[in-house]
Amino acid sequence: MKCPFCGSFDGQVLDSRPIEHTSAIRRRRQCNQCKKRYTTYERPEEVILMVIKSDNRREPFDRKKLWASIARACVKRPVSTETIDKIVSEVETEISDYIMEVPSSVIGQKTLQKLLDIDTVAYIRFASVYNNFADVNDFMKELKSLKKEHDKKNIKKK
């Protein structure tokens, strides 16, 4: 770290502490050349994760957009905002393994998996938009598939 007083790169850290509610770290430093003290703040560099849309457009990942789409699917359903927050956080954590870009299909599939475990109606609502159901037949196919999975689970429980 370059001393702001004399420009020397010879210095030492005297004290480090995290700043509450942020990912920043406050460091108290002393220059070994001029002996003056100064404070620096360090923050991790945030890499913007780009979402590759189905038409190959790219846009930055937007947590709020994902939250809003899940909330829309959960309207008038017994799904709390805390549960929606949890889903978004889990999906966000899972896609953080991707470097720089993630296909929107991955985000959609991970969200669908989470919704299926929580509320089947919210799952169908989200799937209808995500899978771009064209007509009632698409809807019925998904419902039949969902019913088949539900029946399998019930047989295993018995």
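Listed by first and then second residue, the pairs linking a residue in segment 140-158 that is under 15 Å from Q113 (Cα atoms) to a residue that is of a type outside the set (V, I, T) and at pLDDT 75 or above, with Cβ atoms under 7 Å apart and 6 or more places separating them unless they lie on different chains, are E142/A127. When segment 33-47 is limited to residues that are exposed (fewer than 13 other Cβ atoms within 10 Å of the Cβ) and out of contact with any strand residue (DSSP E or B) (no Cβ under 6 Å at 6 or more places or on another chain), the one that is modelled with the highest pLDDT turns out to be K35.
Taken over segment 119-149, the criterion of being more than 21 Å from K76 (Cβ to Cβ) and of a type outside the set (A, V, I, L, M) is satisfied by N131, N132, D135, N137, D138, K141, K144, S145, K147, K148, E149.
Restricted to segment 116-144, and to residues that are touching a Lys or Arg at 6+ places or on another chain (Cβ under 7 Å) and part of a helix (DSSP H, G or I), which residue is surrounded by the most Cβ atoms within 10 Å (Cβ to Cβ)? Only one residue tops the list, namely A122. Of the set (1) charged (D, E, K, R); (2) surrounded by 12 or more Cβ atoms within 10 Å (Cβ to Cβ); (3) closer than 28 Å to N132 by Cβ, all apply to R57 but (2). Taking segment 95-115 as the search range and keeping residues that are free of Cβ contacts under 8 Å to residues at least 12 places away in the same chain and surrounded by 14 or more Cβ atoms within 10 Å (Cβ to Cβ), which one is farthest from I84 (Cα to Cα)? Filtering first and then ranking leaves V106.
Being part of a helix (DSSP H, G or I) and within 30 Å of I19 (Cβ to Cβ): is that true of E82 here?
Values: part of a helix (DSSP H, G or I): yes; within 30 Å of I19 (Cβ to Cβ): yes.
It is true that E82 is part of a helix (DSSP H, G or I) and within 30 Å of I19 (Cβ to Cβ).
The values are calculated or read from the model by the stated rules, or taken from the named source; none is laboratory data. The model shown is predicted, which means the values in this text are computed figures rather than measured ones. When we count neighbours, we look across all protein chains shown, and the Cβ atoms used for this are built from the backbone with ideal geometry, even at glycine.
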